[in-house]
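Shown next, in structure tokens, is the structure this report addresses.
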Amino acid sequence: MDKLKCPSFFKCRVKEKVTASSENFHVGENDENQDRGNWSKKSDYLLSMVGYAVGLGNVWRFPYLTYNNGGGAFLIPYAIMLALAGLPLFFLECSLGQFASLGPVSVWRILPLFQGVGITMVLISIFVTIYYNVIIAYSLYYMFASFQSELPWKNCSYWADENCSRSPIVTHCNVITILGEIIQVNKSWADIHNLNCINGSEIYQPGQLPSEQYWNKVALQRSSGMDETGGIVWYLALCLLLAWLIVGAALFKGIKSSGKVVYFTAIFPYVVLLILLIRGATLEGASKGISYYIGAQSNFTKLREAEVWKDAATQIFYSLSVAWGGLVALSSYNKFNNNCFSDAIVVCLTNCLTSVFAGFAIFSILGHMAHISGKEVSQVVKSGFDLAFIAYPEALAQLPGGPFWSILFFFMLLTLGLDSQFASIETITTTIQDLFPKVMKKMRVPITLGCCLVLFLLGLVCVTQAGIYWVHLIDHFCAGWGILIAAILEIIGIIWIYGGNRFIEDIEMMIGAKRWIFWLWWRACWFVITPLLLIAILIWSLVKFHRPEYAKILYPDWGVALGWCMIIFCIIWIPIMAVIKIIQAEGNIFQRFVNCCRPASNWGPYLERHRGERYKDMVDPKKETDHEIPTVSGSRKPE
């Protein structure tokens, strides 16, 4: 150190320490990995993983699937698919990220040929993150709208039309003309011409609930289709901005700040679900709703239908958030010897039990709604947006103290969505950190906030009057086949090409050696069962593909083409990166291909003290490009 510039050695040391801490505020003094940082506590990681896995689908999709696929009988294929597909993939990704302490792109040093798989995961996460925060914005809007003495969708108001009614409405009837003829006319036409309907000739159709018209006409200001974009709905845009401000504030220190926020956002939904269940159980008709959900209405003959098993596998796959890159990203901040096996078991079981528990809270109140409206539960149950923003708000509006229960419910949806959003943004920032560690170390806050700003701007199209069509379009194309393709290639690459037995040895370096019988089940799933199930789901999804629609409105050709372009943009990086890696390798074309199927020279445990004999010659993982492709002989390049 230059003494002329620093007359006091002690002061200089203090200045150095302050500067270092300001640049590394996301790294704690006790962190094992001083380059990337670690979770402050094991509970920070577990709650973040639970929050990431437990999302809106647990509340608005699983209960409907259970009801629709045989009630309690559906839990049998659901549990089987958890064991055969969900848990094996979940454990694999947690182990992969923890072993290398790298995010979803850089971790593919394990198999350079497949690095495009990691890019696909991150790109799909970006697309989904754009519209997922829009759903959080919807929840914020409804929560704010509930701060009134009476919920605005309780009755048909100024925004409603003649179809707004909780009871069936007359659409057509027979009338007698001035010539004495009996003709069938539209009811509104008969009213205009002061003609009375002949008794018994009325034709009825279900009216539109006030909550349905409020959702379409007020909250969304929904246009007639994707072709009619309309203007930006200003209050949804403000709610979207608020949602991104919350995400940015929670993540400005990376896992050090988000790991503390999840103590509230991951636990609070359980408190609300318990409160809603207790309240719902006290309502008349609740037992009927629960009976439809999982009780006496269970239909075990449904288990003979392939559709039921496909729904169970699909729900498990998407509910656990595997192949999105988030599990790898969050696990990469674990300490090397963390027991990732027990973590995977705990998080997966928590996720599935949450889904079952949420169903009781949902169906108890829907049962009450069916009771007071004189309908069957099957006539009021909904899924997805229709459940969260139409059916359940309608039910809450009928309860005493409706605004309180509505605030509670939408605040729960808000926290459920935020947890998943935190992990998705962390996936993006972790990828940036791995690719540009020095830049990220100095500029984590502006980069994180910059990501949030860009994603907010991209999401503005989703809060126009045609916004809901964009949300469904992205969900229909990006949150489906791309993830399945990434998951299939992930398990084939790691287990079949890198080597399942070698990967098991890597895991044992972290959690200790296990008896051969312990790995028997995992080998059977990883090598055969899980990839075959994923391939079957992918083929089924492609065969059953249908043109996207929302509210029975088909999407225009250009909208469908745009959807295909989005998913192609996400997956095309798999072959592009494979070609790039082969070009960068040495030797003839066959040697290059073979070498790209070997681990890169800088693949292995991030810290030297964890490498042992197996990785003693490993290149420093902080060094990129020149060491990413093995030599022709397959040996590691010297530093």
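The values are calculated or read from the model by the stated rules, or taken from the named source; none is laboratory data. Just so you know, these numbers come straight off a predicted model, no measurement behind them. FYI the Cβ positions are ideal-geometry reconstructions off the backbone, even for glycines, and counts take in every protein chain you see. Ligands, DNA and RNA are excluded from the accessible area calculation, which covers all protein heavy atoms including side chains. Shrake-Rupley method; radii C 1.70, N 1.55, O 1.52, S 1.80 Å.
Listed by position, the helices (runs of 4 or more DSSP H) inside the stretch 274-338 whose residues that are touching a residue at least 24 places away in the same chain (Cβ under 8 Å) and open to solvent by 10 Å² or more (accessible area, probe 1.4 Å) number at least 2 are 286-294, 306-319. Answer yes or no as to whether residue 630 is in contact with a Cys (Cβ under 9 Å, 6 or more places away or on another chain) and at pLDDT below 95. Answer is yes for this residue. Taken together, the residues in the stretch 194-214 that are assigned to a loop (DSSP other than H, G, I, E, B), open to solvent by 90 Å² or more (accessible area, probe 1.4 Å) and either in contact with a strand residue (DSSP E or B) (Cβ under 9 Å, 6 or more places away or on another chain) or basic (Lys, Arg) (or both) amount to 2. Does at least one position in the stretch 570-580 carry a residue that is open to solvent by 50 Å² or more (accessible area, probe 1.4 Å), under 23 Å from residue 216 (Cβ atoms) and not in a strand (DSSP E or B)? No: zero hits. Here residue 319 clears all of (1) out of contact with any Gly (no Cβ under 7 Å at 6 or more places or on another chain); (2) within 20 Å of residue 357 (Cβ to Cβ); (3) among the polar types (S, T, N, Q) except the condition numbered (1).
Restricting the stretch 481-497 to residues that are open to solvent by 10 Å² or more (accessible area, probe 1.4 Å) and not aliphatic (A, V, I, L, M), the residue that is nearest to residue 93 (Cα to Cα) is 496.
The set of residues from the stretch 380-405 being open to solvent by 30 Å² or more (accessible area, probe 1.4 Å) and either within 16 Å of residue 65 (Cα to Cα) or not in a loop (DSSP other than H, G, I, E, B) (or both) comprises 382, 383, 386, 404, 405.
For the stretch 305-324, the set of residues classified as closer than 16 Å to residue 347 by Cβ and among the small types (Gly, Ala, Ser) consists of 319, 321, 323, listed by residue number. Is there a residue in the stretch 443-458 that is of a type in the set (Lys, Arg), without any contact (Cβ under 8 Å) to a residue 24 or more places away in the chain and either within 23 Å of residue 622 (Cα to Cα) or open to solvent by 10 Å² or more (accessible area, probe 1.4 Å) (or both)? No, there is no match, as no residue in the stretch 443-458 is of a type in the set (Lys, Arg), without any contact (Cβ under 8 Å) to a residue 24 or more places away in the chain and either within 23 Å of residue 622 (Cα to Cα) or open to solvent by 10 Å² or more (accessible area, probe 1.4 Å) (or both).
Just one residue in the set 87, 96, 140 is assigned to a helix (DSSP H, G or I), open to solvent by 10 Å² or more (accessible area, probe 1.4 Å) and not β-branched (Val, Ile, Thr); that residue is 87. Under 7 Å by Cβ, and 6 or more places apart or on different chains, what pairs join a residue from the stretch 596-622 that is closer than 18 Å to residue 112 by Cβ with one that is in a loop (DSSP other than H, G, I, E, B) and polar (S, T, N, Q)? Note: pairs meeting the criteria are 606/33; 606/101; 618/602; 619/601; 619/602; 620/602; 621/602.
Entry remark, the stretch 510-528: residues being open to solvent by 50 Å² or more (accessible area, probe 1.4 Å) and among the hydrophobic types (A, V, I, L, M, F, W, C) number 8 in total. When the stretch 413-433 is filtered for residues that are surrounded by fewer than 24 Cβ atoms within 10 Å (Cβ to Cβ) and either in contact with a Pro (Cβ under 6 Å, 6 or more places away or on another chain) or closer than 11 Å to residue 151 by Cβ (or both), only 415 remains. The number of residues in the stretch 23-51 that are surrounded by fewer than 16 Cβ atoms within 10 Å (Cβ to Cβ) and modelled with pLDDT of 90 or more comes to 3.
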